[in-house]
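Visitor: The structure is given below, and queries will be raised subsequently.
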Amino acid sequence: MKKKFTWKKAIYILLGLLFAVALFSGIGYLIKSNSKESEAFLTRKPTIQNMDDKVMATGKIIPKEEIEIKPNIAGIIDKILVDEGDKVTAGQLIATVRIIPNIADVNNAQQEVQNAQLQISNARMNVGNMQKQFEMQQKLYTQGVISKQEYLNSQQQLFSQQQSLKNANQQLMTAQKRLQIVKTGATPELQGLATTQIRSKASGTVLEVPVKVGSQVIEANSFNAGTTICSIADLNSLIFQGEIDEAQAGKLKQGMDMNIVIGALQNKSFPGKLTMIAPKGKDNNGTIKFPVEGTVFNPNNEYIRAGFSANGEIVLSSKKNALLLDESLVQYEKKNGKDVPFVEVKQKDGKFKKVYVKLGASDGINVQILSGLDKNSDVKVWNPSDKDKEELKEKKK
């Protein structure tokens, strides 16, 4: 007897078929995903290159010695005889200063001259009177009328009046010189100490002339640094002045070779020598920086301007034909309390396997692989950049 087909049985059969289709689709997806695992990630191969382990310092080029020319007398700039960039020699005239007399000082100096002249007139009159008195006393002493002591007293009084006249003459000369200084700024005897002619104290190139004709200048003294007329330096003697991070300071030693790269000269490199590492760091926006200096050598006598920005490359070590890998591909895991480096390497079946590696020197971008990989290893890019993601999309297409 045949069983009657019902809708209930049909529904069960349909659900069974749908379950079977879903099951086989899931299994197929997993198989497909596993077989194409290598397509889900980009890979990079290590490269064999030379690598320099170097420290980079940023800074600028400055003259080794820069001299500021200052006046030793106050006044107004009358002439400026040099321009920025001019070559000058020691003793060359740079500028002249015009003295503007102070009326009160001139009046005081003139009054001192008049007082000195009046003292000289009085002293001359006193000397004349004492001379006559002495001559009379001398006759009386010759005739035996007065004692020798009286004669000597008269002689002493004449000598005292003569000394007063001499002092008055000296005071007049001093007052006249002071009047000349107030009016002109100097006297013939003081030309080597104070002068209105400003001359270069060294040979070199004029770097800066911060004053103009008509500018007021102040002399250099114990209480004031004075006004700078111009600054001069020898551009054949330059140094690199820069800063390095505190993490790199311990790697450096004085006397290390440097490469000074100047961006303004199309990144031209000049040899150098590290001469100074500051014993104390400076806080720069929360980061400790250590100032460094190095001598710049210019074998071809190229024109290097003071103030050029530059980078100082200090090579610590150099690796030839090293096996290098992008350092961003290296991962770390804790093992026995230490961070152990590893990478994921593509196998023949398309799967990736964790491989522990031994690392060597690093330049901040690439790291040397001492063991664990060879040049044919395909290393997974586990943290792809936007550029890597675009490359992966193109590869999938």
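The values are calculated or read from the model by the stated rules, or taken from the named source; none is laboratory data. Everything numeric in this text was worked out from a predicted model, so none of it was measured. Neighbour counts are summed over all protein chains in view; Cβ atoms, including those assigned to glycine, are modelled from backbone coordinates with ideal geometry.
Visitor: Being under 23 Å from Ile76 (Cβ atoms) and not in a strand (DSSP E or B) is the filter here; which residues of segment 223-251 pass it?
Guide: The answer is Phe223, Asn224, Ala225, Gly226, Thr227, Thr228, Ile229.
Visitor: Based on this model, can you work out whether Gln131 counts as exposed (fewer than 14 other Cβ atoms within 10 Å of the Cβ), in contact with a helix residue (DSSP H, G or I) (Cβ under 7 Å, 6 or more places away or on another chain) and within 30 Å of Ala175 (Cβ to Cβ)?
Guide: For Gln131, the condition - exposed (fewer than 14 other Cβ atoms within 10 Å of the Cβ), in contact with a helix residue (DSSP H, G or I) (Cβ under 7 Å, 6 or more places away or on another chain) and within 30 Å of Ala175 (Cβ to Cβ) - is met.
Visitor: Out of the residues in segment 176-204 meeting the condition of being of a type in the set (A, V, I, L, M, F, W, C) and either at pLDDT 85 or above or farther than 25 Å from Gln114 by Cα (or both), tell me which one is surrounded by the fewest Cβ atoms within 10 Å (Cβ to Cβ).
Guide: Leu193
Visitor: From the list Ile365, Ile288, which one is in contact with a helix residue (DSSP H, G or I) (Cβ under 8 Å, 6 or more places away or on another chain), closer than 17 Å to Asp52 by Cα and surrounded by fewer than 16 Cβ atoms within 10 Å (Cβ to Cβ)?
Guide: Ile365
Visitor: Just the residues that are surrounded by fewer than 19 Cβ atoms within 10 Å (Cβ to Cβ) and in contact (Cβ under 8 Å) with a residue 40 or more places away in the chain, please, taken from segment 210-220.
Guide: Selection gives Val211, Lys212, Val213, Gly214, Ser215, Gln216, Ile218, Glu219, Ala220.
Visitor: If you go through segment 368-383, how many residues are out of contact with any Phe, Trp or Tyr (no Cβ under 7 Å at 6 or more places or on another chain) and surrounded by 14 or more Cβ atoms within 10 Å (Cβ to Cβ)?
Guide: 7
Visitor: Report, by residue number, each residue of segment 290-328 that is in a strand (DSSP E or B) and farther than 29 Å from Asp234 by Cα.
Guide: Result: Leu316, Ser317, Ser318, Lys319, Lys320, Asn321, Ala322, Leu323, Leu324, Leu325, Asp326.
Visitor: Scan segment 360-394 for residues that are at pLDDT below 85 and aliphatic (A, V, I, L, M) and report the count.
Guide: 3
Visitor: Among Gln143, Gln137, which is the only one that is surrounded by 17 or more Cβ atoms within 10 Å (Cβ to Cβ) and either farther than 30 Å from Ile76 by Cβ or of a type in the set (D, E, K, R) (or both)?
Guide: On inspection, the qualifying residue turns out to be Gln137.
Yes or no, residue by residue, for (1) assigned by the TED database to the domain that holds Gln216; (2) surrounded by 15 or more Cβ atoms within 10 Å (Cβ to Cβ); (3) under 30 Å from Ile80 (Cα atoms):
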{"residue": "Ile239", "(1), (2), (3)": "no, yes, yes"}
{"residue": "Asp245", "(1), (2), (3)": "no, yes, no"}
{"residue": "Lys253", "(1), (2), (3)": "no, no, no"}
{"residue": "Met256", "(1), (2), (3)": "no, yes, no"}
{"residue": "Gly263", "(1), (2), (3)": "no, no, no"}
{"residue": "Gln266", "(1), (2), (3)": "no, no, no"}
{"residue": "Ser269", "(1), (2), (3)": "no, no, no"}
{"residue": "Thr275", "(1), (2), (3)": "no, yes, no"}
{"residue": "Pro279", "(1), (2), (3)": "no, no, no"}
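Visitor: Any idea which of Ile304, Ile314 is in contact with an Asp or Glu (Cβ under 9 Å, 6 or more places away or on another chain) and closer than 26 Å to Gln266 by Cβ?
Guide: After ruling out the rest, the residue left standing is Ile314.
Residue-wise test of (1) closer than 12 Å to Ile61 by Cα; (2) without any contact (Cβ under 8 Å) to a residue 24 or more places away in the chain; (3) of a type in the set (Gly, Ala, Ser).
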| position | (1), (2), (3) |
| --- | --- |
| Cys230 | no, no, no |
| Leu238 | yes, no, no |
| Gln241 | yes, no, no |
| Gln254 | no, yes, no |
| Ala264 | yes, no, yes |
| Thr275 | no, no, no |
| Gly281 | no, no, yes |
| Val296 | yes, no, no |
